[in-house]
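S.K.: Sharing a structure below in structure tokens format, with a few things to ask.
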There are 4 protein chains.
Amino acid sequence: MAKLPTPLRGVVPPMITPLLDRDKLDVKGTEKLVEHILGGGVHGLFILGTTGNAPALSYRLREELIERVCKQVGDRVPILVGITDTSFVGSVNIAKKAADSGAAGLVLAHPYYLSAAQAEILEYLENLAPELPLPMFLYNMPSCTKLTFEPAMVRKAADIDGIVGLKDSSANMVYFHNLQTVLRDKPDFSLLVGPEELLGESVLLGGHGGVCGGANIYPQLYVELYNAAYAKDVDKVNKLHDKVMDISNAIYSVGKYGSSYLSGVKCAVSCLGICNDFMAEPFHRFGAAQRKIIDERLVKLGIKK
Amino acid sequence: MAKLPTPLRGVVPPMITPLLDRDKLDVKGTEKLVEHILGGGVHGLFILGTTGNAPALSYRLREELIERVCKQVGDRVPILVGITDTSFVGSVNIAKKAADSGAAGLVLAHPYYLSAAQAEILEYLENLAPELPLPMFLYNMPSCTKLTFEPAMVRKAADIDGIVGLKDSSANMVYFHNLQTVLRDKPDFSLLVGPEELLGESVLLGGHGGVCGGANIYPQLYVELYNAAYAKDVDKVNKLHDKVMDISNAIYSVGKYGSSYLSGVKCAVSCLGICNDFMAEPFHRFGAAQRKIIDERLVKLGIKK
Amino acid sequence: MAKLPTPLRGVVPPMITPLLDRDKLDVKGTEKLVEHILGGGVHGLFILGTTGNAPALSYRLREELIERVCKQVGDRVPILVGITDTSFVGSVNIAKKAADSGAAGLVLAHPYYLSAAQAEILEYLENLAPELPLPMFLYNMPSCTKLTFEPAMVRKAADIDGIVGLKDSSANMVYFHNLQTVLRDKPDFSLLVGPEELLGESVLLGGHGGVCGGANIYPQLYVELYNAAYAKDVDKVNKLHDKVMDISNAIYSVGKYGSSYLSGVKCAVSCLGICNDFMAEPFHRFGAAQRKIIDERLVKLGIKK
Amino acid sequence: MAKLPTPLRGVVPPMITPLLDRDKLDVKGTEKLVEHILGGGVHGLFILGTTGNAPALSYRLREELIERVCKQVGDRVPILVGITDTSFVGSVNIAKKAADSGAAGLVLAHPYYLSAAQAEILEYLENLAPELPLPMFLYNMPSCTKLTFEPAMVRKAADIDGIVGLKDSSANMVYFHNLQTVLRDKPDFSLLVGPEELLGESVLLGGHGGVCGGANIYPQLYVELYNAAYAKDVDKVNKLHDKVMDISNAIYSVGKYGSSYLSGVKCAVSCLGICNDFMAEPFHRFGAAQRKIIDERLVKLGIKK
């Protein structure tokens, strides 16, 4: 099984969860999707995150997914598994399954139903980390969890054994740079950026990589962008960044609800013939009209022949 | 087993979940607490709500609690069971356990990790209701779920078979009156108010009752207040309402975090010798200093002799 | 000129500002509107509040309005003048004009562009109050100002000479009751509620009255509701409260923007032939189709013959 | 008088407003500050923005500042003047003063007391632009105004005669890149970034420059950073960006309130002997202890000898 590099660098796509029904994994689709993503040269794979809509899945299905994906990927790239849960016990159980299956690391947003204070979150992490069999990334996702991990708290958490990085999906780059600043003495603590629209600049400014949802659709683009940014090739970064923005604007804006991003990614991957686009409730796959728009845009973007 | 009245009226306390440890129910404490609450003359019992901190508990513990409480209560009062979950399958499973154990109804806030639109929530309810073995209350809890059930959507949901009421914890009484207005033609649809500080006025203005957290501590007070309001005895309402405010201000304001309400209720019930005050993570029971304050205030309030 | 009672009680309508154009007062319309409102038996008149859209008006126009309304009203009822401004100097200047013209009191929300802390607000009030020639009400309006006056801070402010009450437009009745509780030892401190949908219950529970926007349209209804609540006549309160809800739902919900309330009130008053419905930018009067709806609803409500 | 380049590029510092008292400009301090900033080689000067705390100043003082600064700067760099106001008439009046005094452009956030919809804002801009004697920048500042200019609306506004750019202070770089994407066909529309912590990356990714508050303290640093980014010198950008982060973390974090940034900048400039640090209410200059911290940090940062 692939080990977690220190620090983890590069593109680690948050895989969507292919479904045939509410509680039924699209096994064939998952297999094809894993190969599609790995074929793009990515540096890791993140399952059961927000893009994977993990909180909407039963524990049973989450465990099935972990087992299958870990087995299929083998030691090709390290696998990160989302263990975000409102219950401590729930997070630990998924973590154990992940370790048993050969995953390399875990990703955790804090319990998100009742809001907790920073000190409570820190104590939570101090209690949880020793119970976990794998290293863990923190996951800053305020739009879903109603709370931002404050930089001063993250700095303390970075001293807890087993906490090795943070994925930031706030889209607030001042916050990201504040994290980098307080963590200057921890060069092995990996700082990954969530929104793919920020991959180029965060890596140019010293970030370690990105968790790019678009890599479900077109993985090599984000890998190329990461490489260009790592090589400080600003012109190439701009060219590739423009393509990233084109995908964002074409594919994630079709639906009329906040779930447009998720529906768009799933629909696009389905249009590419990779897997089913069934969505766990309360969300729904696009109808025929919206699917046609996505399909045409994929052709126009040169992603679908 | 007690049936659900149509509409449900009165005081339906949201029971805290007595714990000995992270995943261990305080069985003796739970038994004492149930009798303490029922001894106050309440009209129902609501387990696994926000005050019960249900999302922080393992499914196993939730099922144990359902089984034990239903068995103990028998047909004395109807029991409502919270089935709020981020996963459809998770909600259905708890609902089945509740029905098998003899509960009378269910309470559901929508999936709360990724935000959904009103139309998506309505469709969720349309899909979920037929899968449930018991009638269901909606639970409006925007501070935890980031979303308010809009009155127009609630009006449509009230036409779905099996949806029989709504508990509103927004504290926004304009919203509550808007619900009453759109539901004038549905007199059997029960509208309960969450914050106990609003029990008096909501019942005076035609609401059906309240889900009063303070009834874990002093159940008869809220029952008396409900009765006074139902009888339109304004002077008595004011007198009892002042006591309710005194408890709120004395007991829920001791800690320095947003979890003060929960910690305060648990600590007070523990000071009364009823059950343990262990709190599921990421929250923590009060320390000795804070416990002393709670204890003294209970004496001063005349609740503890 | 009418003095401010201690405490101020009753219905104090927040008058809309009748305009002919961006910077031109509808003088005739203002005169008719003042008489229309006073004819309903109200206990005071509040000009240049949120319903008056004061921040959108030039200082010149505000001064003209103050002068004209004070002169017209004379000593019939006390007049409150909104002095909310982002600039200390601006607030003081309007206050002086109000005093010179014969107003009885002032109403102030804190500076609302850059957010200030509670301690900063308190110091602001301590500095401002001595500069003001009239007693002042605080104005809690978090949806516009991004900040709630915390009850503990209000309690301290209530000890400042010249601060005599608070108008709460939060719609959060738990907050309102918390204010009442911390101010129990200040029975002369007037607590008025903003949303007219809460007039009945707040007065039944010991509040002093309301600042009802609907009183621009149908002043006697709110006065009757206040009187019924003051007399603890719960049945009458419910009957009148239902009418208040009918007006809210019929008149404030026609437009598709957040400005629907303001546009609805202005349009309704205009349909009653009282004044022009021009709205200060960035808002706009209703078009013909929306005006027709308002007109028909006024007839159906029995307000227009 | 300096004309506005098309598009405006570079560093355009938002000048603090030196005060001796609530309504008294620090004339000498203003003169020294203007020379201090211009001495750093900046590309423009922005007065009466958020950093200038314009909404807290009387119109009289704003006009005095405009006149003095324009006269002093002459044709050395173009001057932008903030005309943000809750009143249309107020904005137009300041704009006229700016034009008469020789300013090059205007900066406007929308009326921010009552929230308006995007369509209302667009119409506001369509009505306002023809009344203005100078070209105008839009100012996206959601933390103060409660509203984000949506990219689709900005695209429409960019077609209005006289609207020539936008300053974005959201700190959300996904939003900034969305603006760049919808405005690809408008290469002369200037997109400036507010937070100085984002200057490097926004210029590397095609942005036109920044409105850096820290340039009140150390203007040449931001000019060098802009130049390095414009020249695509990634190593130099990183080195200078680290210094920018050091200043942010050292100077803007001393106070305990949200006003820390403003107090910190004013205190630092005062420690450098440039101008008084009086702050318009409801904010307050730092006390001796906090001033000592700022002073020591300025020495440690190498800014003060």
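S.K.: Can you give the accessible area buried between chains C and D, summed over both chains, with a 1.4 Å probe, in Å² to the nearest 100?
M.R.: Roughly 3600 Å² of accessible surface disappears when C and D pair.
S.K.: Straight-line reach only, C-alpha to C-alpha below 18 angstrom: list the lysines that B:LYS97 could link to, leaving out same-chain residues fewer than 8 apart.
M.R.: The qualifying lysines are B:LYS3, B:LYS71.
S.K.: Got a number for carbon plus sulfur as a percent of the stretch A:255-305's accessible area, 1.4 Å probe?
M.R.: Its accessible area is 56 percent carbon and sulfur atoms.
S.K.: I need the calculated FRET efficiency for the pair C:ALA152 and A:VAL299, taking r as the beta carbon distance and R₀ as 60 Å, to the nearest 0.05.
M.R.: 0.45
S.K.: Okay, which of the stretch D:176-198 sit inside 16 Å, backbone N to the point 7 Å along the Cα-Cβ direction of A:THR181?
M.R.: Residues passing the 16 Å test: D:194-198.
S.K.: Right, something else. Kindly report, to the nearest 10 Å², the accessible surface of B:ARG9 as traced by a 1.4 Å probe over protein heavy atoms only.
M.R.: 90
S.K.: Put +1 on the Cβ of each Lys and Arg and -1 on the Cβ of each Asp and Glu in chain D; which of D:LEU205, D:LEU272, D:TYR113 then has its Cα farthest toward the positive end of the dipole?
M.R.: D:LEU272
S.K.: In the stretch C:268-305, which residues give up 10 Å² or more of accessible area once the other protein chains are added, compared with their chain alone (1.4 Å probe)?
M.R.: Correct list: C:GLU281, C:PRO282, C:PHE283, C:HIS284.
S.K.: Oh, and also: Would you report the distance distribution of C-alpha pairs in the stretch C:140-229 as whole percents per 10 angstrom bin, up to the bin with the largest distance?
M.R.: Taking all Cα pairs of the stretch C:140-229, the binned fractions are 17, 49, 29, 5 percent.
S.K.: Using a Förster distance of 51 Å, how high is the FRET efficiency between C:TYR230 and A:LYS239, based on the Cβ-Cβ distance and rounded to 0.05?
M.R.: Step by step, r from the Cβ atoms, then E = 0.10.
S.K.: Would you kindly derive the ³J(HN,Hα) couplings of the stretch B:210-217 from the backbone phi angles with the Karplus curve 6.51 cos²θ - 1.76 cosθ + 1.60 (θ = phi - 60°), listing them in order in whole Hz, with x for Gly and Pro?
M.R.: Those phi angles translate into x, 10, 9, x, x, 5, 5, 8 Hz.
S.K.: Just to be sure I understand the interface: list residues from the stretch A:41-63 that lose 20 Å² or more of accessible area between the chain on its own and the complete protein assembly, 1.4 Å probe.
M.R.: Correct list: A:THR50, A:PRO55, A:ALA56, A:SER58, A:TYR59.
S.K.: Another one. Treating the beta-carbon of each Lys and Arg as +1 and of each Asp and Glu as -1, no other charges, what is the dipole magnitude of the stretch D:193-305 about its Cα centre, to the nearest 20 debye?
M.R.: 400
S.K.: For the stretch A:1-52 and the stretch B:1-59, write down the distance between their C-alpha centroids in whole Å.
M.R.: 41
S.K.: Here is a further query. Roughly how many debye, to the nearest 20, is the charge dipole of the protein assembly as shown about its Cα centre, given +1 on each Lys and Arg Cβ, -1 on each Asp and Glu Cβ, and no other charges?
M.R.: 0
S.K.: Using the Kirkwood formula over every pair of different C-alpha atoms, what hydrodynamic radius in Å results for chain D?
M.R.: After inverting the mean inverse Cα-Cα distance, the result is 19.2 Å.
S.K.: Whole-Hz Karplus ³J(HN,Hα) for the stretch A:23-40, in order, using 6.51 cos²θ - 1.76 cosθ + 1.60 and θ = phi - 60°, x for Gly and Pro?
M.R.: Here the 3J(HN,Hα) series is 10, 10, 5, 8, 5, 4, x, 5, 4, 5, 5, 4, 5, 4, 5, 4, x, x Hz.
S.K.: Here is a further query. If each Cα of the stretch B:101-168 is one equal point scatterer, what is log10 of I(q)/I(0) from the Debye formula at q = 0.29 Å⁻¹?
M.R.: For the stretch B:101-168, the Cα-only Debye profile gives -1.51.
S.K.: Quick one: which residues, 5+ away or cross-chain, put their amide H under 5 Å from the amide H of C:VAL193? H built at 1.01 Å from N.
M.R.: Hits under the 5 Å cutoff: C:ASP168, C:GLY209, C:GLY210, C:VAL211.
S.K.: When the solvent-accessible surface of protein heavy atoms is calculated with a 1.4 angstrom probe, in what order do A:THR30, C:THR181 fall, highest first?
M.R.: C:THR181, A:THR30
S.K.: At a 1.4 Å probe radius, carbon and sulfur cover how many percent of the accessible area of the stretch A:70-133?
M.R.: Summing carbon and sulfur atoms, their accessible area is 45 percent of the total for the stretch A:70-133.
S.K.: What does the convex hull of the alpha-carbon atoms of the stretch D:50-191 project to on average, in nm²?
M.R.: The directionally averaged projection comes out at 8.2 nm².
S.K.: Residues of the stretch B:66-101 that become at least 30 Å² less accessible with every protein chain present than in their own chain isolated, using 1.4 Å: which are they?
M.R.: Buried-area filter returns B:THR86, B:SER87, B:PHE88, B:VAL89.
S.K.: Across peptide A:195-206, how many C-beta atoms of other chains are within 10 Å of each residue C-beta, on average?
M.R.: If you average over the peptide's residues, the count of other-chain Cβ atoms is 5.
S.K.: What are the aspartates and glutamates whose alpha-carbon lies under 19 Å from the alpha-carbon of D:LYS304, with same-chain residues fewer than 8 places away excluded?
M.R.: Correct list for D:LYS304: D:GLU35, D:GLU224, D:ASP242, D:ASP246, D:ASP277, D:ASP295, D:GLU296.
S.K.: How much of the pair distance distribution for the stretch D:222-289 lies past 18 Å, counting alpha-carbon pairs only, in percent?
M.R.: That tail contains 49 percent of the Cα-Cα pairs.
S.K.: Provide, for q = 0.14, 0.16 Å⁻¹, the log10 of I(q)/I(0) from a solvent-free Debye sum over equal Cα point scatterers in the stretch D:1-106.
M.R.: Treating every Cα as an identical point scatterer, log10 I(q)/I(0) equals -0.48, -0.63.
S.K.: Distance between the C-alpha centers of the stretch C:241-305 and the stretch A:101-157? Whole Å please.
M.R.: 50
S.K.: Convert each backbone phi in the stretch C:267-277 into a coupling constant with the Karplus relation 6.51 cos²θ - 1.76 cosθ + 1.60 (shift: θ = phi - 60°), then list the ³J(HN,Hα) values in order as whole Hz, x for Gly and Pro.
M.R.: The phi angles translate into 5, 4, 4, 5, 4, 7, x, 8, 7, 5, 10 Hz.
S.K.: Hey, what's chain B come to in accessible area per residue, 1.4 Å probe, Å²?
M.R.: Roughly 34 Å² per residue, with all protein chains present.
S.K.: While we're on this one: With no solvent and one point per C-alpha, what does the Debye sum give as log10 I(q)/I(0) for the protein assembly as shown at q = 0.04, 0.07, 0.09, 0.10 Å⁻¹?
M.R.: Log10 I(q)/I(0), no solvent term: -0.23, -0.74, -1.28, -1.56.
S.K.: Percent of Cα-Cα pairs per 10 Å bin, from 0 to the last occupied bin, for the stretch A:32-89, please list those.
M.R.: 21, 55, 22, 3
S.K.: State the antiparallel share, in %, of DSSP beta bridges confined to the protein assembly as shown, rounding to the nearest 5.
M.R.: 10
S.K.: Then there's this: Would you mind checking which residues have amide H under 5 Å from B:ILE163's amide H? H placed 1.01 Å from N; only 5 or more apart, or other chain.
M.R.: Residues meeting the amide H criterion: B:MET136.
S.K.: While we're on this one: Using alpha carbon centroids, what distance separates the stretch B:185-230 and the stretch D:186-221, in Å?
M.R.: 56
The values are calculated or read from the model by the stated rules, or taken from the named source; none is laboratory data. Computed from a predicted model, the values in this text were never measured in an experiment. Note that we place each Cβ from the backbone using ideal geometry, even for glycine, and neighbour counts take in every protein chain shown. Surface accessibility is based on the protein's heavy atoms, side chains included, excluding ligands, DNA and RNA. Shrake-Rupley method; radii C 1.70, N 1.55, O 1.52, S 1.80 Å.
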